[in-house]
Amino acid sequence: MTDARIRRPSLINLRREIIEGKLIDTLMRTAIEYADAARGLLILARNDEYRVEAEVTTSDDTVTVGQRQPSVTAAGLPESILRYVMRTKESVLLHDVADGNLQEREARIRRLVDSNIIGIFVWDLDDRISDANEAFLRIVGYSREDLVSGRLRWRDLTPTEWRDADDRRVAELEATGTAQPYEKEYFLKSGARVPVLVGAATFGGRHDQGMAFVVDLTERKRAEEEIRESERRYNEVQMELAHVNRVTTMGELSASIAHEVMQPIAATVNNAKAALNWLNAQPPNLEEAREALGEIVKEGNRTTDVIGRIRALIKKAPPRKDALEINGAILECIALTRGEIVKNGVSVQTQLAEGLPLIQGDRVQLQQVILNLIINAVEALSSVREGARELVITTGKGKPDGVLVVVRDSGPGLSSAGLDRIFEAFYTTKPGGLGMGLSICRTIIEAHGGRLWATAAQPQGATFQFTLPAQSNQAA
Ligand code: ADP
């Protein structure tokens, strides 16, 4: 009793300490006998510190009680058990206390917890979080005071839509002792959410308590989102490029057609003027007039030749043989023309049949057809002053196999004269129109072994339909 000597106690103090000493002696012996333990410690709180007041060990059937007062150290006893008992005020029974490796294991686990590489907390099924490392507190944005005060409850940290997933893990824990890692979210103290990966295991024989391991997924989610965003951008740019390509191809084609055709047309006009002059002369010069008219016929034939060559060019350029899913191709075209559609207040509806056969063809050319039909419909609809501006695109099975695509609008529709002529090259009713779109569309569809035609829609508007045969190796 070193303490007594140092403080030079009075007789009364000495007596009290002898009695206390005996009491402690008896208490300790009874305790370890009752627990059938090899070693016992009496730990008391002094000021803000826990001190080992007495230690009892049994060896060779003799019991020695020593009283000492060092601070509690990790080496002297499993610290987490002490902390747990302090907090919960419950008795804890560990079956393998006698195991000499326990302290070492305890120290290793403590190092893992304190390294704060991942968030770790101790939970129980009553919803409590009785201990947690800094990493976990950082993830959820709470302080150690929040933890100590018992305010942290894992169910409260979980947004409602994740409760079912939690319940499934709890069932798994009760059945097997571990819960496979799963992704969920926690509420931060601020009310925001944090995406996490959580795994859990129960403590040994007890299935109502255990540890949970928490990894913050914010960074990973952000990286994934960035990848998704850049993929989306990449696709968008590709689409824009494809669009520009298509537009420039059409633009170049139109320019060269215009150039090739303008020459004979200009010559025709000059010759016609000359013929008129010769006929108006007094007396009329029929010979010259005849010659000029002969030139007109020649130039006219040249124009037809030019157009024939262009169409042959499209026909001959062997279409690529992509296996194509028509619904996807249509949706892409709608996305490409979204700007025009919205600008003109048109509502687009799609009725795309499932399970259609793949078709074989040149994606760019076929999308050119679809784009052209959509743009024509939108242009027609833009003149609608009253009533809905509706565009409906339907797909279905073609006969006997293949697909049928129907593009129907509620625009002004086609006059019967128009119906006869719209597929002719250079037939246009638009001020800036070239009248080549539908002619090229028909050439493309026919080069793919299909058919393109127009009818009047009911109660108003125009319907354009085309068929395409199924890819040959899967045709029924
Ligand atoms: P462009 O669009 O340059 O006029 P097209 O060959 O694509 O050339 O179309 C020819 C003509 O067919 C158009 O000028 C228009 O009169 C008519 N047309 C095409 N689509 C429609 C439609 N959906 N509704 C009414 N008329 C149409």
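Values quoted throughout were computed directly from the atomic coordinates according to the rules given, and no laboratory measurement underlies them. This one's a predicted model, so the numbers in the text were calculated from it and none came from an experiment. Cβ sites come from the backbone with ideal geometry, for glycine too, and all protein chains shown count toward neighbours.
Would you kindly derive the ³J(HN,Hα) couplings of the range 25-37 from the backbone phi angles with the Karplus curve 6.51 cos²θ - 1.76 cosθ + 1.60 (θ = phi - 60°), listing them in order in whole Hz, with x for Gly and Pro?
For the range 25-37, the Karplus curve yields 3, 4, 4, 5, 4, 4, 4, 6, 5, 4, 7, 6, 9 Hz.
List, in order, the whole-Hz ³J(HN,Hα) value for each residue of the range 326-337 obtained from phi through the Karplus relation with A = 6.51, B = -1.76, C = 1.60 and θ = phi - 60°; use x for Gly and Pro.
Values, residue by residue: 5, 4, x, 4, 5, 4, 4, 5, 5, 4, 5, 9 Hz.
What is the calculated FRET efficiency for Arg421 to Val269, with r their C-beta to C-beta distance and R₀ = 22 Å, to the nearest 0.05? Numbers along the way, then the final one.
Details: r = 22 Å, r/R0 = 1.01.
The calculated FRET efficiency here is 0.50.
Which cross-chain or sequence-distant (5 or more) residues have an amide H under 5 Å from the amide H of Gly413, H modelled 1.01 Å from N in plane?
Those lying under 5 Å, H to H, from Gly413 are Gly461, Ala462.
What's the FRET efficiency of Val237 with Gln351 using the Cβ-Cβ distance as r and R₀ = 45 Å, to the nearest 0.05? The partial results should precede the final answer.
On the way: r = 30 Å, r/R0 = 0.67.
That pair, Val237 with Gln351, gives E of 0.90.
Mind giving me the nanometre distance, one decimal, between the label points for Asp156 and Lys321, set 7 Å out from Cα along Cα→Cβ?
Taking the simple label geometry, Asp156 and Lys321 are separated by 6.9 nm.
Summing Lys, Arg as +1 and Asp, Glu as -1, what charge do residues with Cβ under 14 Å from the Cβ of Ala274 carry, Ala274 excluded?
Working: positive: Lys273, Arg290, Lys298; negative: Glu287, Glu288, Glu291, Glu295, Glu299.
Net charge around Ala274: -2.
Quick one: compute the contact order of the range 176-228, relative version, from alpha carbon pairs under 8 angstrom and 6+ residues apart, as a percent.
Relative contact order comes out at 29 percent.
Net charge around Glu379, counting only other residues with Cβ within less than 10 Å of its Cβ (Lys, Arg = +1; Asp, Glu = -1)?
Numbers: positive: Lys430; negative: Glu340, Asp409.
Net local charge, Glu379 excluded: -1.
Which of the aspartates and glutamates could be linked to Lys22 by a straight reach, that is with a Cα gap under 20 Å, when you skip same-chain ones fewer than 8 residues away?
Straight-line reach from Lys22, under 20 Å: Asp3, Glu33, Glu53, Glu55, Asp61.
Run the paramagnetic zone check for Leu125: 7 angstrom along Cα to Cβ, then residues of the range 197-219 with backbone nitrogen under 15 Å.
201-211
Long-range amide H contacts for Arg320: which residues qualify at under 5 Å (H placed 1.01 Å from N, peptide plane, sequence gap of 5 or more or a different chain)?
When sequence neighbours closer than 5 places are left aside, the close amide H contacts are Asp362.
How much length is gained if the chain between Arg110 and Tyr50 is pulled fully straight, taking 0.36 nm per residue apart and subtracting their Cα-Cα distance, in nm to one decimal?
Difference between extended and current length: 19.7 nm.
Using the Karplus curve 6.51 cos²θ - 1.76 cosθ + 1.60 with θ = phi - 60°, what ³J(HN,Hα) values do you get for each residue of the range 389-404, in whole Hz, with x for Gly and Pro?
Coupling constants for the range 389-404: 9, 10, 10, 10, 10, 10, 10, x, 6, x, 10, x, 9, x, 10, 10 Hz.
Given a Förster distance of 22 Å, report the FRET efficiency between Ser149 and Thr178 from their Cβ-Cβ distance, rounded to the nearest 0.05.
Step by step, r from the Cβ atoms, then E = 0.15.
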